Amino acid sequence: MEAQATAAVKEALAALYHHPDDATRTAADRWLQQFQHTLDAWQVADSLLHDESSNMETQIFCSQTLRSKVQRDFEELPSEAFRPLQDSLYALLKKFSKGPQKVRTQICIAMAALAVHVPVEDWGGGGIVNWLSDEMNSQQDFIPSFLELLTVLPQECSSHKIAARPERRRQFENDLRSSAEVALSLLTACLGIDQLKEQVLEGFASWLLTSELIHFTVSRESNGITEQLPLIQVLIPYVMGLKEQLKDSSKDEEDVKAIARLLADMGDSYVELIAAGSDDAMQIVNALLEVTSHSEFDISSMTFNFWHHLMRNLTDRGSYASYGSEVSINTERNRRLQLFRQPFEILVSLVSFRVEYPELYHTFSEEDQRDFRHSRYAVSDVLLDATDVLGGDPTLKILFTKLIQACGNGQNQKWQPVEAALFCIQAIAKSVSVEENEILPQVMSLLPSFPHQEQLLQTVCSLIGAFSKWIEAAPSELLILPPLVDILNKGMSTSEETAAAASVAFKYICEDCRRKFSGSLDGLFQIYQIALSGVGGYKVSSEDSLHLVEALSNVKLPQVVADAVNRYWPTLKNGHGIHGPWSHYVVRTCGRFMGFTIGAMLEEIQTLYQQHNQACFLYLSSEVIKIFGSDPACANYLASLIQALFGHTIQLLRTIQDFTARPDIADDCFLLASRCIRYCPDLFVPTEMFPRLVDCAMAGITIQHREACKSILSFLSDVFDLAKSPEGEKYRELINTVILQRGAVLTRIMVASLTGALPSSRLEEVSYVLVSLSRSFGGNMLSWARECITLIPPQALTDSERSIFLNIISDASSGSSLGSITDRFAEISEVCRRNKTVQDIVQGALRPHDLSFTVAPPPL
């Protein structure tokens, strides 16, 4: 059998790489992928790697196969297979020490994965790092392979490609932490080998990530730093010794990146020690400023997390708790803030030029333009961090100096440096006090003089909106607003991008400067009509028109806006229909002042939703429920609305495939349902529509769309919360009856969701529903849970792990905290997701999509 499988692999690889027919190559690729999941793959991959006649293509495929088998399928092997597998991998590690590197890397990852799976004793008592130290000392010809293995060990520690149970993973992490000093000593010993320096630097970077884990773990304990000081004192000199190489022009970019990453990792790991401000700490800070000043943004930005964490440590009062009295805390806090003032002032100057548009920006690809925009956002965050240390007004002064320098003497002025300075000023707007009266009046007076270049104008408009609160507070004699409104009008007619910025700015100044727009409501309506009609040169998209509506909605009292809406209703309705962007904001703003208009709007919602199946009608209805749900005068038409919308939605969402095809409908339907429960349960829970919607929710729980799934789970949570609340006591028996009839099926769907049917990011919402079921139905829930957990075969979940799960359910029903229950559920979830084979076994046993239950019938 092995010979046949080996021959088949060789034949498939030959077809994959050399056959001229696309269909044949595709079929060969599919066969090889399927082969990697078989038990035969272990032996075939291993023997072909040891076969001297295997070509490069075979070696690469077989090394990848062996790596993935060790990572995910180690449980397939009997316990006695460990030693032969270890010996074979070690022989391959030495065989491929000089390459090919792709093959060597896969073997190293396989050995690291093997170390995660088995206890430390299996490596001779000292663990894999000590074993590796012995081998490096005795087998120096193979140091490149050993170095790479040493590098991947901490990387694989947190790899969830390795199908290890959580407890075993924690043990491996502890093993690595205890071996960190040995690993760093090995790396230091290899620094003298010139041809290995790049590998050594990668090893340092990898192990410093492990040291970060050490620090993160112990920093939560009052004596953690003290306990780890010996190790920290080993790490810091290693890294600081590499600082001078940042300036070495002979180093290639990858070397510089590795060194910069080391410094950034060290700073981030030991920020608590650095914040104390010792002389040694300030040397590290200066080294990190050197990294920040590097011309390459990819290198400079490696330090941004450090500056953020340093700011948090300097400003958070919790960092000074050990100083006892309030006086001592304030004295130490002020000392540190003063000590770090200059580094943060330098930081502001260093990062502010990073946002400047390149000369050839217009030639950038869409991806490069997106990367540049992201870099500007990253710089904005750094500037805001700096304001927390320096204060907003002092930071503004630094940036204003940059603006004045960019403006120069006005001749041959480039727009890019001006735009960059204004962008930075806009970024810190929330940190600048509304009383600032030295710099901002000068900035505002400069704005009308700048050219209307598109990106510059866009930033100017954004800046105006960002400082809306300051504009409102400015003395009226400064006459700041009129020229700024002229700029916004220009922005609305220049391009879609400038119009978007101008619309947002218009919203903010109308919201915050409403006093200065007194008596201008009709004029603002005219601006809105011009924007939506497309007549008049405005380039406002329908999405950005939302901001203009919000601007309108914030200028006067709701009653005044409602009167205007009622007056303009025929124009607004006929121009853009009930689903126009204005409708959501009109409902929110005008509320119960809408009078006859709300009735007309709701009649049209029911008709148009059934015609067009658009989610916006459901969302608008949820806004209506939020505002009018508790109003008895609205009960009749709201009840009619609820019945019509839910009845139609249930027909649209019958299977998980329907949910997947219409996630927006699912999302807004169950948002509406939750709001019905909160604002008008009398109109929803006692009706026949309630059990039908619970059935609908159960059919869609496992939808992969994040927002739709969250809305469904939130709806179920709201149902349980209502039944438990004093206000919901009158619905308790009804809700309990509905859930009891469906309890076994609902529990099975939720357990399937916990164990792999939904992404692990849904864990918190899934846990809440399981906890609510446990607390509401105690013994019944335990029986339901036992029924479905026993369906899972023992190769996926052991008897011990089943008992643990049932204990969690029991503890949840007894009142254990949601946080602790969620953490314990997370462990069971990880066990059931540890590899695709296990996850498929679990889902194949629970089969959440195939469950059948009696749906409450529609009315006759």
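Computing FRET efficiency as 1/(1 + (r/R0)^6) for residue 279 and residue 479, where r is the C-beta to C-beta distance and R0 is 45 Å, gives about 0.25. Each residue, residue 442 and residue 837, gets one label point 7 Å from its Cα in the Cβ direction; the gap between the two is 7.1 nm. Counting only protein heavy atoms and a probe of 1.4 Å, the accessible surface of segment 1-218 is 51% carbon and sulfur. Projected label points at residue 182 and residue 637, each 7 Å from Cα along the beta carbon direction, are separated by 7.8 nanometres.
Arrange the peptides 96-103, 642-649 so that the one whose residues have, on average, the most other Cβ atoms within 10 Å appears first. Provide the component values of the computation, followed by the final result.
Working: 96-103: 15.5, 642-649: 20.1.
Taking the mean over residues of other Cβ atoms within 10 Å, the ranking is 642-649, 96-103.
Given the peptides 610-620, 140-150, 50-60, 357-367, arrange them by the average over their residues of other C-beta atoms within 10 Å, most packed first. Spell out each step's value before the answer.
Values: 610-620: 18.1, 140-150: 20.6, 50-60: 14.0, 357-367: 10.5.
Going from most to least packed, we get 140-150, 610-620, 50-60, 357-367.
Heavy atoms only, probe 1.4 Å: what % of the accessible area of segment 239-432 goes to carbon and sulfur, would you let me know? Provide the component values of the computation, followed by the final result.
Values: 4160 of 9030 Å².
Here carbon and sulfur together make up 46 percent of the probe-accessible area.
Calculated FRET efficiency, residue 850 and residue 342, Cβ-Cβ r, R0 51 Å, to nearest 0.05? The value I calculate is 0.15. Ligands, DNA and RNA are left out, and with a 1.4 angstrom probe the accessible area of segment 1-218 is 45 Å² per residue. If the segment from residue 736 to residue 787 were pulled out straight at 0.36 nm per residue, it would be longer than the present Cα-Cα gap by 16.3 nm.
Please give the length that would be gained between residue 630 and residue 725 if that part of the chain were fully extended, namely 0.36 nm times their separation in residues minus their C-alpha to C-alpha distance (nm, one decimal).
Numbers: separation 95, 0.36 × 95 = 34.20 nm, distance 1.75 nm.
Taking 0.36 nm per residue and subtracting the Cα distance, the gain is 32.5 nm.
The 3J(HN,Hα) values that the Karplus relation (6.51, -1.76, 1.60; θ = phi - 60°) gives for segment 161-167 are, in residue order, 6, 7, 7, 9, 6, x, 5 Hz. Gly and Pro appear as x.
Gain in length, residue 495 to residue 38, computed as 0.36 nm per residue apart minus the alpha-carbon separation, to one decimal in nm?
Details: separation 457, 0.36 × 457 = 164.52 nm, distance 5.83 nm.
Gain in length upon complete extension: 158.7 nm.
Taking every protein chain into account, the 1.4 Å probe leaves residue 244 with about 110 Å² of accessible area, to the nearest ten.
Which FRET efficiency, nearest 0.05, do residue 661 and residue 827 yield, Cβ-Cβ r, R0 30 Å? Walk me through the intermediate numbers first.
Values: r = 35 Å, r/R0 = 1.15.
With R0 = 30 Å, the Cβ-Cβ based efficiency is 0.30.
Cross-link check: pairs 402/490; 469/490; 197/402; 626/730; 94/161; 95/161 evaluated at a Cα-Cα cut-off of 29 Å; pairs beyond the cut-off: 197/402.
Listed highest first by mean packing, meaning other Cβ atoms within 10 Å per residue, what order do 668-679, 262-273 come in? It would help to have the intermediate numbers written out before the result.
On the way: 668-679: 25.0, 262-273: 23.0.
The packing order, highest mean first, is 668-679, 262-273.
Stokes-Einstein, applied to the Kirkwood radius of segment 1-218 over Cα pairs at a viscosity of 0.692 mPa s and 37 °C, places its translational diffusion at 180 µm² s⁻¹.
Here segment 71-94 is scanned for amide nitrogen atoms under 17 Å from the site 7 Å beyond the Cα of residue 2 along Cα-to-Cβ, giving 77-78, 80-92.
Within the accessible area of segment 601-846, the carbon and sulfur atoms contribute 49%, probe 1.4 Å, all protein chains present. Here the contact order of segment 397-508, divided by its residue count and restricted to Cα pairs under 8 Å and six or more residues apart, works out to 27 percent. The residues of segment 601-846 expose, per residue, 38 Å² of accessible area to a 1.4 Å probe.
Computed from label points 7 Å out along Cα-Cβ, the spacing between residue 53 and residue 14 is 1.2 nm.
The values are calculated or read from the model by the stated rules, or taken from the named source; none is laboratory data. Just so you know, these numbers come straight off a predicted model, no measurement behind them. FYI the Cβ positions are ideal-geometry reconstructions off the backbone, even for glycines, and counts take in every protein chain you see. Keep in mind that these areas ignore ligands, DNA and RNA; they rest on the heavy atoms of the full protein, side chains included. Shrake-Rupley method; radii C 1.70, N 1.55, O 1.52, S 1.80 Å.
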